[in-house]
Amino acid sequence: MADAFPPPEERDAAAANCGPAADRFRDECFKPGLRRIFRSVVTDRIPTDERPPHSALLFGPEFGPFASDREFASDFYNEIHHQGISNAYTAQAVPMVAALASDERVPADERASLTTLLFHIAAETDRLTADCWPRQHPQNDPAAAARARAAVRRTLPGLAARWDTASLGVRLALAALCASFPEEPMSLSLLERTGALAEDLHDSRPLSGFLRFARLTGTASEEAVHARVDELTASYWRTTPCELPARQRAVHLLDQMLAWLRWKVLPNLAE
């Protein structure tokens, strides 16, 4: 499907020969600024024949213009992981999302959102199982979710390598992401390093508590994880059935905590 969209340099060359139409193409079709940034990153980092169908939102002038960066991002993320559900093409989109999440041209807040999207993709089965137990989510496609999770797993080394230079928002999402892959040596190595960041953030109990819980999710015994989940959900967070595996309950809780931190705590730190 990516072949249906010529490289941006070909589109720009064609537009340059059309006088006023070139300005309409540049200034209207590809607003807002975030869409242009995404388009530049994907152009530089993802070969044309490897771009997923979702990249049409970046290169097809029939999409947009969008009223704001947030409207564009909402559509872009929804195309990849609609309402938290993987589709047949989500796995193909993961390398593109990882490239955007690790490129300094993308604003730090958006890199945190992209890393959170990768966490949601990786944790989909655990989250949906905890949400719907003992039934299955009616739209869940287990095969698509498994392919997408495997694709995220392959991006872990590159993403985790950026821990030292990443923003706080990205680090929080990375901690949740690695807690979703406790079997990966790279995940365990990064989760061990969250302890130092938790100490640095000891003045903010929500932030340090989240990091400690992410570490516990990936490194502690099943009994210890169950006990901590029960303790936390009894006092504040939405609970999950105790008969579920500990990791599924913990990942479901990490998702709640991360969403709250990103929208209620991190914005106040920036003020």
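Only the coordinates and a few stated rules stand behind these numbers; no lab work does. These figures come from a predicted structure and were not determined experimentally. Note that each Cβ is placed from the backbone with ideal geometry, even for glycine, and that neighbours are counted across all protein chains shown.
Spacing of the modelled spin labels on THR239 and ALA88, each 7 Å from Cα toward Cβ, amounts to 4.2 nm.
Think of it as helices only: each DSSP H run of n ≥ 4 in the chain is worth -39500 (n - 2.57), and spread over all residues that comes to -19500 deg cm²/dmol at 222 nm.
Of ASP44, ASP141, how do they rank once you tally other Cβ atoms within 10 Å and put the fewest first? Present the calculation step by step, with values, prior to reporting the outcome.
On the way: ASP44 10, ASP141 16.
Lowest count first: ASP44, ASP141.
Extension gain, ALA108 to GLU223: 0.36 nm times the residue separation minus the Cα-Cα distance gives 37.7 nm.
Amide H neighbours of SER86 under 5 Å, counting only residues 5+ apart in sequence or on other chains, H built in-plane at 1.01 Å? Sorted by chain and number, the residues that satisfy this are ASP141.
Normalised by the number of residues in the chain, the average gap of Cα pairs under 8 Å and 6 or more apart makes the relative contact order 15 percent. Mind listing which GluC sites (Glu not before Pro) in the stretch 101-131 are in a DSSP loop and have 10 or fewer other Cβ atoms within 10 Å? Those that pass, being in a loop and sparsely packed, are GLU104.
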